[in-house]
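Worksheet: the structure to be examined is printed underneath.
The values are calculated or read from the model by the stated rules, or taken from the named source; none is laboratory data. All of these numbers come straight from a predicted model, not from anything done at the bench. Glycine gets a Cβ as well: all are built from the backbone with ideal geometry, and neighbour counts include every protein chain shown. For accessibility, only protein heavy atoms count, side chains too; no ligands or nucleic acids. Shrake-Rupley method; radii C 1.70, N 1.55, O 1.52, S 1.80 Å.
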Amino acid sequence: MKKSKYILSNLIVVFFSLFLFNCSEEESNEVFDESPAERTNAQKQELRTALKSSDTGWKAVYFTSPEELGGFTFFFNFLDDETVEMTSDFDDDFTVTKSKYDVVLGSTIKLSFTTKNDIHKLSDSANPPDSGLIGRGYLGDFEFLYYGIDETTGDLIFRTNRTQEELRFTKATTDEVQNIIDSRAVALELTDSEKSVYQNVIVTIDGTTEVFDFSLNVNRRFIDISNDSDSYSFGIAYNEKGFTVSPPLEIKGQEISEFTYNVEADKFIADLGSGNMAEIAFLDAPSNPTDDNLLVVSAVNRYGFFTENLYSTNTSSINFRKSIDEINVQLAPFGYTLSTAVLNFNIDGDPVVNSVGYGLANTSDGSFAGTVSHFVTYENLNGKLILSDNGWDIPSFAPLFASLDEALLNTEGLYVKEEIFRVQPFTGSAIFTFTSAADPSFRMTTYAFQ
């Protein structure tokens, strides 16, 4: 009897195993009823169909390297299986331009923009935002790995080919191109140094207010804020209402992900709810002034503005550049241009010999033509450096330099700051800025040397 039960038990196991094997074989046949090439072609077609499925096109906000750069907004309209229309907020050219794209096989199915268009501006190594990214450009990609469709939002999900950063294509609105154009106008409100070079971030959380100095790298779209106890860095991406923050900024448990521009108040405001808020505003003076005015005159020091290298840097304000342009208009009839403006302190160790030296170049060949010196005395008062007239070596030249000279010698003085960045080609030299206390839209950028 026991032997019969044993035989019956084994038969059940055998029949059950055969059943599982048959089921597995049927499922396997279902999964692999297409060849690898057929499956790849089906996936390619899925993406092509998805790209063309939006009648209004797609919007993508591309943060190429969140630790170093902000985001750029793109509009894509895929017309057929190889043609795409595109524009972006990378610059002020909003022309919607046609180019070619393809869907190819890489480590997975990949969207590749094969001919030049706006997306390639981010991957052009010859076009960096500043000297810190020379040879690297904006660290962008023009090929994106496809990871499917978000069933909730309908977004197309990609990852960048080189860095695996997620990038989402969201269905565009009917006026997406106009939104991109409007976002550039909003950006000007944040970066308008003709208002003031000073901005701060005021954060109020649970009734406590903190004030942070605000520094924006315009080309990188990257912000640093700091006060005596804390510092934060983050990238931003403009939109038609303000800008988003990535990664979101977290201060005292509050997450700040978006600022909206308030036209009436001329401020960018993040409403965090329950009375908590953050705002970015222009100021007439630095919120956390330094004592670097004492540092610049502490020894034999020179601080030079060099037109070739520093005219276009972010910290040389628009109104300062206008003063340089005006000097060049005044010098043109004499065949000169302004090549340098150098603040000299304690020349040859003598604390009473100080000057502003205006270096001239010949317009014809750019060769050095000499220096005109305005001798000055100085004092440090209320955190500012104050320069006073002490005569010219060639008085007849004085009116030619008035647009800059009068700002440097204004009786209200200059705010001085040693910056944390460096500028090519003198990466070993500290950068100091001199900002007029009378006109906070006037800031000169200089190299320090001896």
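For the stretch 352-381, filtering for residues that are open to solvent by 40 Å² or more (accessible area, probe 1.4 Å), free of Cβ contacts under 8 Å to residues at least 40 places away in the same chain and closer than 22 Å to L414 by Cα leaves 6.
Of the residues making up the stretch 388-401, those that are among the aliphatic types (A, V, I, L, M) and touching a residue at least 40 places away in the same chain (Cβ under 8 Å) number 1. Considered as a group, the residues in the stretch 144-166 that are open to solvent by 40 Å² or more (accessible area, probe 1.4 Å) and charged (D, E, K, R) include one that is farthest from the chain's Cα centre (by Cα), and that residue is E151. The set of residues from the stretch 278-318 being over 25 Å from the mean Cα position of the chain (by Cα), hydroxyl-bearing (S, T, Y) and open to solvent by 60 Å² or more (accessible area, probe 1.4 Å) comprises just one member, S298. Applying the condition of being part of a loop (DSSP other than H, G, I, E, B) and at pLDDT 95 or above to the stretch 403-421 and asking which residue is most open to solvent (accessible area, probe 1.4 Å) yields T411. The stretch 73-172 holds strands (runs of 3 or more DSSP E) entirely within its bounds, and those carrying 2 or more residues that are among the aromatic types (F, W, Y) and closer than 26 Å to P247 by Cβ map to 143-149. On inspection, F169 passes the criterion of being within 19 Å of N239 (Cα to Cα), surrounded by 14 or more Cβ atoms within 10 Å (Cβ to Cβ), aromatic (F, W, Y) and in contact with a strand residue (DSSP E or B) (Cβ under 8 Å, 6 or more places away or on another chain).
Of the residues making up the stretch 193-215, not a single one is in contact with a strand residue (DSSP E or B) (Cβ under 6 Å, 6 or more places away or on another chain), more than 30 Å from K322 (Cβ to Cβ) and assigned to a loop (DSSP other than H, G, I, E, B).
Cβ-Cβ distances below 6 Å connect the following pairs, each with a first residue in the stretch 108-125 that is farther than 23 Å from E46 by Cα and of a type in the set (D, E), a second residue that is open to solvent by less than 10 Å² (accessible area, probe 1.4 Å) and assigned to a loop (DSSP other than H, G, I, E, B), and a separation of six or more residues or different chains: D124/G137. Would the stretch 319-330 turn up any residue that is touching a Lys or Arg at 6+ places or on another chain (Cβ under 7 Å), closer than 13 Å to R443 by Cβ, at pLDDT 90 or above and surrounded by 15 or more Cβ atoms within 10 Å (Cβ to Cβ)? For the stretch 319-330, residues touching a Lys or Arg at 6+ places or on another chain (Cβ under 7 Å), closer than 13 Å to R443 by Cβ, at pLDDT 90 or above and surrounded by 15 or more Cβ atoms within 10 Å (Cβ to Cβ): present. The residues of the stretch 382-402 that are among the aliphatic types (A, V, I, L, M) and open to solvent by 50 Å² or more (accessible area, probe 1.4 Å) amount to a single one, I394. Any chance the stretch 50-67 includes a residue that's surrounded by 10 or more Cβ atoms within 10 Å (Cβ to Cβ), over 23 Å from G148 (Cβ atoms) and at pLDDT 90 or above? Within the stretch 50-67, one or more residues are surrounded by 10 or more Cβ atoms within 10 Å (Cβ to Cβ), over 23 Å from G148 (Cβ atoms) and at pLDDT 90 or above.
For every residue, the table says whether it meets (1) of a type in the set (K, R); (2) assigned to a helix (DSSP H, G or I); (3) open to solvent by 30 Å² or more (accessible area, probe 1.4 Å); (4) over 26 Å from F442 (Cα atoms).
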residue: I223; (1), (2), (3), (4): no, no, no, no
residue: D228; (1), (2), (3), (4): no, no, yes, no
residue: S233; (1), (2), (3), (4): no, no, yes, no
residue: A237; (1), (2), (3), (4): no, no, no, yes
residue: E250; (1), (2), (3), (4): no, no, yes, yes
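Only residues that are under 23 Å from the mean Cα position of the chain (by Cα) and either more than 20 Å from D224 (Cβ to Cβ) or among the aromatic types (F, W, Y) (or both) were counted across the stretch 411-423, and they come to 1.
Of all the residues in the stretch 110-131, those that are surrounded by fewer than 18 Cβ atoms within 10 Å (Cβ to Cβ) and touching a helix residue (DSSP H, G or I) at 6+ places or on another chain (Cβ under 7 Å) number 1. Restricting the first member to the stretch 403-428 and to residues that are closer than 26 Å to V218 by Cβ and touching a residue at least 12 places away in the same chain (Cβ under 8 Å), and the second to residues that are basic (K, R) and surrounded by fewer than 21 Cβ atoms within 10 Å (Cβ to Cβ), the beta-carbon pairs closer than 8 Å and six or more apart or on different chains are S403/K322; L414/K384; Y415/K384; V416/K384.
Every listed requirement among (1) touching a helix residue (DSSP H, G or I) at 6+ places or on another chain (Cβ under 9 Å); (2) within 30 Å of T371 (Cβ to Cβ); (3) among the hydroxyl-bearing types (S, T, Y) is met by T290 save one, (1).
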